[in-house]
Amino acid sequence: MARILCLEGITGTGKTTQANLLSRYFNLNCVSHLIFNDKHYEPFKQAVIDWHNAGANQNFSREDILVFAKARVDSHKKNLIPIMNSLTYLIFDRSVYTSGVYESDGGLELNEIVELNLREGVIKPEGGVVLLCSPEVARTRIDERRMKTNYKLPSMHESVSEITKRRERYIELARQHPELYLIDTTSKSEEDV
């Protein structure tokens, strides 16, 4: 059975970069693994598209949160459960914790969202890291990434004030979940992280 870990944190902290570095390391050492980001797999991917089409960047209602939780569970059943025994590591590039942080502007609190997802049957990471950096550094990294990728769709969560709010939620999350470790990437290179 796979060891299940997660990379969490605000936009621009290096989660996907670290996931790619881990994958490269595992490949070089012949370690079976999967880096999994829910938004790239069905049916969760379609739930995200539907949410955006309904008026992207709105707050999440309880119904939205439940739709995302059920889609995540179905995605895990379809894409992960069948291969879990063949993996040494399953690394979530964002997981249920990120849902709690980003969906908690509506009617539910962060931990209520995490618990709702777990009750629905989402796979829970055994441990992981929360990557943080200063909101200003995150904003700069987001802008640099957008220029490199020519990605234009802005997110309501990318202003310095929103990044600051999410950063505080991740810090609180790590305080409440001892299986998560905080790493500040503000002045670190990719290799130092």
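Computed with every protein chain present, the accessible area of ASP50 is close to 80 Å² [probe 1.4 Å].
Using θ = phi - 60° in the Karplus curve 6.51 cos²θ - 1.76 cosθ + 1.60, the 3J(HN,Hα) couplings for segment 127-140 round to x, x, 10, 10, 8, 10, 7, 5, x, 5, 5, 4, 4, 4 Hz; x is entered for Gly and Pro.
Only bridges with both residues in the chain count here: give the DSSP antiparallel percent, nearest 5. Intermediate values should be presented prior to the final figure.
Numbers: 0 of 19 bridges.
Counting only bridges with both partners in the chain, antiparallel ones make up about 0 percent.
A 1.4 Å probe, protein heavy atoms only, puts the accessible area of PHE92 near 0 Å². At a Förster radius of 25 Å, what calculated FRET efficiency corresponds to the Cβ-Cβ distance of GLU168 and LEU28, to the nearest 0.05? The value I calculate is 0.10.
Taking 7 Å steps out from each Cα toward its Cβ at ARG119 and ASP184 produces label points 3.7 nm apart.
Judged by the ratio a/c of the largest to the smallest principal axis of the C-alpha gyration tensor, segment 1-89 counts as oblate, that ratio being 1.5 or greater while a/b is no larger than b/c.
Can you flag which of LYS39/LYS77; LYS45/LYS78; LYS15/LYS77; LYS45/LYS165; LYS39/LYS70; LYS15/LYS45 are past 21 Å Cα-Cα? The partial results should precede the final answer.
Working: LYS39/LYS77 15 Å; LYS45/LYS78 13 Å; LYS15/LYS77 24 Å; LYS45/LYS165 25 Å; LYS39/LYS70 13 Å; LYS15/LYS45 19 Å.
Beyond 21 Å between Cα atoms: LYS15/LYS77; LYS45/LYS165.
Roughly how many percent of the accessible protein surface of segment 54-190 is carbon and sulfur, given a 1.4 Å probe and a whole-percent answer?
53 percent
Mind running the shape call on segment 50-108? Use the C-alpha gyration tensor, a ≥ b ≥ c as the square roots of the eigenvalues: rounded below 1.5 for a/c, prolate if a/b tops b/c, oblate otherwise. Could the numbers behind the result be given before it?
Numbers: a/c = 2.74, a/b = 2.12, b/c = 1.30.
It comes out prolate by the Cα gyration axes.
The residues of the chain present an accessible area of 52 Å² per residue when probed at 1.4 Å with all protein chains retained. Projecting label points 7 angstrom from Cα along Cα→Cβ for ASP192 and LEU21 puts them 1.1 nm apart. Using a cutoff of 8 angstrom between alpha carbon atoms and counting only pairs six or more residues apart, the relative contact order for segment 1-136 works out to 45 percent.
The values are calculated or read from the model by the stated rules, or taken from the named source; none is laboratory data. Every value quoted in this text rests on a predicted model; they were computed, and no experiment measured them. Glycine gets a Cβ as well: all are built from the backbone with ideal geometry, and neighbour counts include every protein chain shown. Only protein heavy atoms, including side chains, enter the accessible area calculation; ligands, DNA and RNA are left aside. Shrake-Rupley method; radii C 1.70, N 1.55, O 1.52, S 1.80 Å.
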